[in-house]
Amino acid sequence: MVLVGPPASGKSSFVRALIARGLIDGDSVVSSDEIRAELFGTAPAEAHTDAADARIFDERDRRIVARLADGHTAVAESTNVTSRARTRLIALARRFDSPVTVLRFDPDLDVLLEQHAERGRTDITTADVHAFAAVMARHAGTDQLRSEGAHVVHDVPGRRQGVTPAEAATRFSFI
């Protein structure tokens, strides 16, 4: 499963709701933010370099491969708004003949910026959120995702639709 959405779009909240409802196993989630924290702790300057990103995403891929090799589901929890990021993940899934489900998180910009402000994170700026949202708008439409190899694409409802992450989680079933 590949999550696609800008920072603050609700990916982590939705995943926590899926875990709380028992719809996915917490061990299946491979989060780039969690790996960044594991590898770099509270050293933000060190954690946000090209070298750090390469190390983080290599580790993410290693963990995903380990899960898929053991026949388990893997949930790639990172922004994945670029084709390059998704191509990397879809290639891993193909190595193990695993179907790829994409969950899109695409709130309108006002909602996205509101959610970003509520998070209080200092490692991601408003400009970053704008940039990720713009990339997603250009490069992560449903047709694009399918052409890249996604078997199924679902839009996850959110605040724009008046839905909380917990309510959105009730709308999904993963068998």
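The values are calculated or read from the model by the stated rules, or taken from the named source; none is laboratory data. Remember, it's a predicted structure, so these values are computed and weren't measured experimentally. Virtual Cβ from ideal backbone geometry, glycine too; neighbours counted across all protein chains shown. Heads up: the accessible areas ignore ligands, DNA and RNA and are worked out on the full protein's heavy atoms, side chains in. Shrake-Rupley method; radii C 1.70, N 1.55, O 1.52, S 1.80 Å.
List of remarks:
- Residue that is nearest to VAL4 (Cα to Cα), among those in region 91-133 that are of a type in the set (A, V, I, L, M, F, W, C) and open to solvent by 40 Å² or more (accessible area, probe 1.4 Å): PHE132
- Filtering VAL129, VAL111 for residues that are assigned to a helix (DSSP H, G or I), touching a helix residue (DSSP H, G or I) at 6+ places or on another chain (Cβ under 6 Å) and over 21 Å from GLU34 (Cβ atoms) leaves a single hit, VAL111.
- All of ARG63, ARG94, ARG104 fail the test of being in contact with a strand residue (DSSP E or B) (Cβ under 6 Å, 6 or more places away or on another chain), of a type in the set (Lys, Arg) and in contact (Cβ under 8 Å) with a residue 40 or more places away in the chain, apart from ARG104.
- Note on region 1-74: enclosed helices (runs of 4 or more DSSP H) holding 3 or more residues that are of a type in the set (D, E, K, R) and under 23 Å from ILE124 (Cβ atoms) are 32-40, 50-69.
- All of ALA169, ALA76 fail the test of being touching a Leu at 6+ places or on another chain (Cβ under 8 Å), closer than 20 Å to VAL15 by Cα and modelled with pLDDT of 95 or more, apart from ALA76.
- Considering only residues in region 145-175 that are under 14 Å from GLY5 (Cβ atoms) and either of a type in the set (Ser, Thr, Tyr) or assigned to a helix (DSSP H, G or I) (or both), the one that is most open to solvent (accessible area, probe 1.4 Å) turns out to be ARG160.
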